[in-house]
Each structure stands twice: as C-alpha cells, then as structure tokens.
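Structure first, commentary second.
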Amino acid sequence: MTTFESESLDAEPQAGPLPPSLGRQAFQGLERSCDDGIRTAPPLPGIERMEAWFHGNAFELHRHDTYAVGVTLDGVQSFRYRGASRASLPGQVLVLHPDELHDGGAGTEEGLHYRILYLEPSLLMRGLGDGAVSLPFLRQPVFSDPALREDILALLGPLDRGLEELTADDLLARLAQGLARHAGQPLKPLGSLAWRQVDRVRDYLEAHALEAVRSEELEEIAGLDRYALSRHFRAAFATSPHRFLLMRRLGQARALIAAGESLAEVAAATGFADQSHLTRHFKKAYGVTPGRWAGLVEAGRRTGSAAA
C-alpha cells in the first residue's frame, strides 16, 4: 500500500477562486436551505451526479466501489481518509479512490455545500484509452486545479437533466487524463486479454445483479480460475466481483427508495434477505441508513423546488 504524508485539518489548504462559469445561481451559499439535503441527477451509464448540503457530520465511515470526484462550493468539507483528517475548501477538487474507508461532513458550523461525481473505474480505464495502465491512484485527495475543476463541473452539468452522450464521453476522457496526470506514477498494465476476460464478467454481473451468481459461472465466462479472476478484476475495477455485485444491488435499492418504495419492498426486490440485511449493507456502503437517505432525498426535492 502506498504511503503518503498526512494532511491535518489544522493545516491551511490553499483554495483558488471559484470560476465565473459557476455563476451565483449555481451556489448561492448555504442560505438556500437551512436543512440538510441532497439532489441527484438523471443517471448516466456508470456515472452518478449529486449535490449536497450538510451541517455537522453527514456520513459515517463507509466505502464504495466507485471513484468519488467532487468540488467543494461553500464551507469546509472535512473527512477522514487513509488514516488522516482532511479538509477541502471552496473551489478545491476532491478525489477518493474506490474501496477506501472515509466519512464526511461540514468542518464549521456554517455548513457545507458541494457537488460530486461517482464514477465506475471501468469508465476511467476506457477514458484513458487502449494503452492505459492500471487505475490512477492520487496520493493527495484534495488539491487545486482550475482546469480539472472546470471539467468536473461541466460533467456534473445541470442536475435536472441528462448530458448529451458525446459531450459526456469527451468530458470523461479529459477527466480520466487529468486524474492520471495527478497520479503521476503509472502502475503495471493489465494485459488486453485479461481486460477482455474481466470485462465480460463485469457485464454479466451487471445484467444478473438481482440473481444468485456462483463462482463456477464466472470462471466459465472469464476462462480463468476464481483466484486469477479475483486478482484481475480488482486490478481493473478496484473491487472484487462479490462487492461489485453487492453495490449494483444497493444502487438499485437506492433508486427504489428515492422513488418512494417502502424499505421492506425494496429489500425484497433487490435480493436482500430482509430489511435489516439491506440496512446493514446500505449503511456500510453509503454511511447512512436507508431511512436517512430517503429523508435526505425528500429534503433535496423541497430545496430544489424552492430554488426554482
């Protein structure tokens, strides 16, 4: 595991001025709402887009199988990540690697406002092209880069509608290159054959997320034994096949919760044994309970309606 210098909350990270392209309507400070809340955008393949307002501690320690790439708009974004306390100021870029424990919340009483992307690792690999090395790992999760920040905010786009496919593809390629540039240390490439093998497994897991999937099935699809498959899959996607499958189920559960389904119905529909089984995994993945998530989504809807 890579080691790096810790960056304490007592340090003074330097935030650059927010770009004019944001506009005042894009972030009118925390006065937009006194409540905590989130807004989510229409889904894009492999990409989730979210805006959030929080006071105090928002998320407990958790981890997910996607990259989290965001921009702090107002307040101080404080979090624990890889054994150190971190802080992101307005205008700074925040990048969290898949499968790394972290929490998050507001670092001051004034609260926090940010926008964030959750990106499947496979998208970044494709964005880097055929000659890509393994997934980029950024030693410092918070930094200032105005050009990269502009690309992130453009990919986030207006949260009330989707992005054109070609626009999203171009922005994703630029984002992938920017992250690779900041990683600055290429790792051993994954061979093209191994990439095709684990990509087939990923597609199968995506299509059968609500079914019981056996290791023997995946071995047959990949043409690899389960141990080689696990190694190659993690190198390509920064997570295990089992956890990838679990996160697909949780993603569907989150969408059903946002649509107003009861937690018992959601658990049954997404392959969990019962509501408590869903709640346990949901909190581990997202840092909040399903009930809390439902409340945040509803609060975000009210905030968005009031601002419209």
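The values are calculated or read from the model by the stated rules, or taken from the named source; none is laboratory data. None of these values were measured; they are calculated from a predicted model. With ideal geometry, Cβ positions are generated from the backbone for all residues, glycine too; neighbour counts draw on all protein chains shown.
In this structure, is Ala258 in contact with a strand residue (DSSP E or B) (Cβ under 8 Å, 6 or more places away or on another chain), closer than 26 Å to Trp293 by Cα and crowded, with 17+ Cβ neighbours inside 10 Å?
yes
Cβ-Cβ distances below 6 Å connect the following pairs, each with a first residue in the range 250-275 that is closer than 23 Å to Arg63 by Cα and free of Cβ contacts under 8 Å to residues at least 60 places away in the same chain, a second residue that is surrounded by 14 or more Cβ atoms within 10 Å (Cβ to Cβ) and of a type in the set (S, T, N, Q), and a separation of six or more residues or different chains: Gln252/Thr270; Ala253/Thr270; Leu263/Gln275; Ala267/Gln275.
Against the condition without any contact (Cβ under 8 Å) to a residue 24 or more places away in the chain and over 26 Å from Pro136 (Cβ atoms), how does Thr303 come out, does it pass?
Details: without any contact (Cβ under 8 Å) to a residue 24 or more places away in the chain: no; over 26 Å from Pro136 (Cβ atoms): yes.
In short, no.
Of all residues in the range 153-180, those that are out of contact with any strand residue (DSSP E or B) (no Cβ under 9 Å at 6 or more places or on another chain) and surrounded by fewer than 15 Cβ atoms within 10 Å (Cβ to Cβ) total 6.
Pairs meeting the criteria (first residue in the range 122-136 and more than 14 Å from Gly184 (Cβ to Cβ), second residue part of a loop (DSSP other than H, G, I, E, B) and modelled with pLDDT under 75, beta carbons under 7 Å, at least 6 apart or on different chains) are Met125/Ala132. Please work out if Glu211 is more than 27 Å from Ala52 (Cβ to Cβ), over 23 Å from the mean Cα position of the chain (by Cα), surrounded by fewer than 20 Cβ atoms within 10 Å (Cβ to Cβ) and outside the structural domain of Pro43 (by TED's automatic domain parsing). The answer is yes for Glu211. Hey, among the residues in the range 239-249 that are free of Cβ contacts under 8 Å to residues at least 40 places away in the same chain and not aliphatic (A, V, I, L, M), which one's surrounded by the fewest Cβ atoms within 10 Å (Cβ to Cβ)? Of everything passing the filter in the range 239-249, His242 is surrounded by the fewest Cβ atoms within 10 Å (Cβ to Cβ). Might you let me know whether the range 28-49 holds any residue that is modelled with pLDDT under 95, in contact with a helix residue (DSSP H, G or I) (Cβ under 7 Å, 6 or more places away or on another chain) and of a type in the set (Asp, Glu)? Checking the range 28-49: at least one residue is modelled with pLDDT under 95, in contact with a helix residue (DSSP H, G or I) (Cβ under 7 Å, 6 or more places away or on another chain) and of a type in the set (Asp, Glu).
Listed residues Ala212, Ala258, Ala268; which is aliphatic (A, V, I, L, M), farther than 25 Å from Leu124 by Cα and at pLDDT below 90?
Details: Ala258 fails: at pLDDT below 90; Ala268 fails: at pLDDT below 90.
The conditions single out Ala212.
Contact map, the range 51-79: first residue without any contact (Cβ under 8 Å) to a residue 40 or more places away in the chain, second residue hydroxyl-bearing (Ser, Thr, Tyr), Cβ cut-off under 9 Å, separation 6 or more or different chains; pairs are Val76/Ser88; Val76/Thr108; Gln77/Ser88; Gln77/Tyr114; Phe79/Ser85; Phe79/Ser88.
Filtering Ala228, Ala236 for residues that are in a helix (DSSP H, G or I), free of Cβ contacts under 8 Å to residues at least 40 places away in the same chain, among the small types (Gly, Ala, Ser) and on the phi < 0 side of the Ramachandran plot leaves a single hit, Ala228.
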